[in-house]
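Contents: one structure, followed by commentary.
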Amino acid sequence: MSDSTAASATSHPAGLPLTQAFRSQMPVTGRWAYLDHAAVGPLTQAAGEAITQYLQQCTQSGDVHWPQWAAQVEETRQAAAQLIGADPPEIALVHSTTEGITLVAEGMDWAPGDNVVLPAGEFPSNVYPWLNLRDRGVEVRQVEMPSPALDLPRLAQACDRRTRILSCSWVGFASGYRCEPRELAQIAHDCGAYFFLDAIQGLGVFPLDVRACGVDFMAADGHKWMLGPEGAGIAYIRHELLDRLRPNIVGWNSVIERFNYQKIELKLRPEAARYEAGTQNMVGQLGLGGSLRTFLQMGLSPTSNCLAEPVLEQAAWLRQQLDGLGAQVSDLPAAHQSGIVLFRLPEHDPMTVRQRLLERQVVCSCRGGGIRVAIHAYNDRQDLERLLDVVEGMR
Ligand SMILES: Cc1ncc(COP(=O)(O)O)c(C=O)c1O
């Protein structure tokens with residue numbers, strides 16, 4: 001079988017086809033067929049280098065290089081903003097998706113009787129911060145869906161004039177179903193609510209233009225498809241909404257004169273960085289910055305499908321091959337597919353299949369009662385063929 005995706009026919013900055021150019025930035029490919037980006041992604045070369053440089057500098061010189069790191073962290077913010085069509089002051093650097101969701105959940109001026117609407121089956125990070133508002137009289141409506149596909153009319157029906165937030169994952173962590181953020185934002189706005197996008201399972205592959213889509217708030221840690229380290233993520237707060245969110249935590253880093261430790265004046269910074277409060281995950285954000293720059297070099301932008309196309313193509317090919325081998329394979333409408341493919345081998349426990357795959361240096365997870373394969377744009381046909389060989393051997 002040949003590596004002949006549409007993407008690999010396209011030329012990229014290094015003069016190489018995209019998959020190859022991207023692959024050359026991914027040291028993990030030396031050993032593994034790494035297909036687990038919906039769990040924890042490997043680091044790009046650039047992320048690894050940024051982290052190594054920090055470790056060396058900090059080990060040998062303490063904080064002497066701090067101003068340089070702080071400037072580089074601002075570059076991470078800029079790269080994040082560029083990637084999603086936001087302005088840098090709309091980006092807060094956070095420690096997790098949960099933190100980004102929580103800063104909105106805890107920051108809104110709720111009144112008893114207000115409600116939040118979510119599709120049922122969201123990842124817990126997009127449930128608990130809302131459930132935690134129950135003692136403030138906020139109702140959380142988890143709307144049952146008849147299938148992994150989002151039933152938009154059902155979601156719309158669950159919204160009313162007391163709905164303040166509609167919150168949803170861009171890509172379902174277990175099903176791989178990818179929603180259209182613009183459509184959800186429309187539902188939220190039609191009832192006077194805001195739209196929150198948990199983007200962790202989509203960012204790094206699919207283009208997102210927060211402004212064009214009407215996203216009000218967004219959060220995503222960098223450790224999955226963005227190929228950054230764990231504990232370093234981004235949150236987007238639409239500029240107009242900054243003063244609608246009461247900061248839940250404030251500290252030296254929240255205020256305008258943040259380096260003037262003698263002057264105590266609680267004047268919040270006029271940007272989303274006000275929510276960062278204290279010390280940042282410096283090493284994590286430096287690493288994430290390296291990966292975000294790699295994405296920008298590969299051509300990812302708020303409107304470019306340059307990574308999405310090869311991912312969708314590889315996923316479609318894999319589904320077809322797995323089906324041909326008699327596996328039970330998840331299927332979704334074409335417009336809602338992602339890099340996630342779920343499959344089951346009826347006569348084998350998914351944990352056994354995963355273990356066999358690991359023995360052949362193929363990395364996947366068990367989710368949703370099956371094996372979850374999560375393909376990124378640097379994965380080539382050989383990676384998928386390695387997986388298929390194992391499956392074929394188990395039939
Ligand atoms: C949809 C979704 N949201 C959030 C998370 C993780 O949240 P956090 O970054 O807070 O650990 C995951 C992890 O699997 C996820 O799939």
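Listed values, structure above:
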read-out: Residue, farthest from the chain's Cα centre (by Cα), within segment 225-283, restricted to residues that are among the β-branched types (Val, Ile, Thr) and closer than 18 Å to Pro88 by Cβ; value: Ile256
read-out: Test set (1) in a helix (DSSP H, G or I); (2) of a type outside the set (Val, Ile, Thr); (3) touching a Gly at 6+ places or on another chain (Cβ under 7 Å) - Ser175 fails condition number; value: (1)
read-out: Residues of segment 39-68 classified as part of a helix (DSSP H, G or I) and open to solvent by less than 60 Å² (accessible area, probe 1.4 Å), total; value: 11
read-out: Subset of segment 21-38 that is in a loop (DSSP other than H, G, I, E, B) and more than 16 Å from the ligand (Cβ to nearest atom) - its residue that is most open to solvent (accessible area, probe 1.4 Å); value: Arg31
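The values are calculated or read from the model by the stated rules, or taken from the named source; none is laboratory data. Predicted model only: the values in this text are computed from it and were never measured. Virtual Cβ from ideal backbone geometry, glycine too; neighbours counted across all protein chains shown. Please note that ligands, DNA and RNA were not included when accessible areas were found on the heavy atoms of the full protein model with its side chains. Shrake-Rupley method; radii C 1.70, N 1.55, O 1.52, S 1.80 Å.
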